[in-house]
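The values are calculated or read from the model by the stated rules, or taken from the named source; none is laboratory data. Treat the numbers as computed from the prediction; the structure is a model and nothing was measured. Backbone-built Cβ (ideal geometry, glycine too); neighbour counts: all protein chains shown. For accessibility, only protein heavy atoms count, side chains too; no ligands or nucleic acids. Shrake-Rupley method; radii C 1.70, N 1.55, O 1.52, S 1.80 Å.
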Amino acid sequence: PRAILQWNVGSHRDISPESLSLFRLLEPHIEILVLGTGDRVERLHPAMLKQMRECGIAVEVQDTPNACATFNFLTSEKRMVAAGLIPP
């Protein structure tokens, strides 16, 4: 179901295994997490991405405007998707 949750992340540097744990707890289980890292695409530590994949969640990292568009597209396809968005 549609929901909006506050994600306590101010910048891409705040993204950690702990901050990503929110997305692993969502029910129903999501299949894709779209992360918007602000004005530009920022690299995340590969271990964090691997941890999410091991939980069955694919992660797409983009700048926030493109992440919003990707999220909307995947939602329109009825995919189980969530977005973590940091304002540009």
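Data overview
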{"quantity": "Residue 23 aromatic (Phe, Trp, Tyr) and surrounded by fewer than 16 Cβ atoms within 10 Å (Cβ to Cβ)", "calculated": "no"}
{"quantity": "Check on residue 67, closer than 15 Å to residue 12 by Cβ and open to solvent by less than 30 Å² (accessible area, probe 1.4 Å)", "calculated": "yes"}
{"quantity": "Residue 37 under 21 Å from residue 2 (Cα atoms) and modelled with pLDDT of 95 or more", "calculated": "no"}
{"quantity": "Count of residues meeting criterion [more than 18 Å from residue 14 (Cα to Cα) and either among the hydroxyl-bearing types (Ser, Thr, Tyr) or surrounded by fewer than 16 Cβ atoms within 10 Å (Cβ to Cβ) (or both)] in the range 48-61", "calculated": "5"}
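One line per residue, one yes/no per condition, for (1) without any contact (Cβ under 8 Å) to a residue 40 or more places away in the chain; (2) surrounded by 11 or more Cβ atoms within 10 Å (Cβ to Cβ):
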| site | (1), (2) |
| --- | --- |
| 7 | no, yes |
| 12 | no, yes |
| 16 | yes, yes |
| 34 | no, yes |
| 46 | yes, no |
| 63 | yes, yes |
| 75 | yes, yes |
| 78 | yes, no |
